[in-house]
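Values in this text are rule-based calculations from the coordinates and carry no lab data. If you're wondering where the values come from, they're calculated on a predicted model, not measured in any experiment. Positions of Cβ are generated from backbone atoms using ideal geometry, with glycine treated the same way; all protein chains shown enter the neighbour counts.
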Amino acid sequence: MTVRSLLQISLESLASNISRVTTLHGLPEELLVELFEAVLSKGKLQPRVLSLFEETGQDLLLARISTLNLQPLPVVLPLTRNAWLGEKPNCVAQPWQARAACCEADGAFSGE
């Protein structure tokens, strides 16, 4: 059994809760790079979290981020219904309802 240091435990906890962090200013560069690697390994890197790391302006960290060649995410469009498939925009079934039951009430489902 290996004993982890307080620093390792703290970094792991911070990486798990990185979405709650508002700023990373004031942390040493080596610690930021280690935290960034922990966030990557946990799969917690989101656009807002990435901007937290970029805002620090640390050269070593910015170099590591640039090696990932990250691309911006496309714009998310609001949910639209497929009118060309014959569905009515107001016919939105709840998870516990079948789509056919919702649309039959509106007369929009043929039920073939």
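Data overview
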| quantity | calculated |
| --- | --- |
| The stretch 10-75: GluC sites (Glu not before Pro) in DSSP coil with no more than 11 other Cβ atoms inside 10 Å | GLU55 |
| Simple spin-label estimate for GLN71 and LEU50 in nanometres, 7 Å along Cα-Cβ | 1.1 nm |
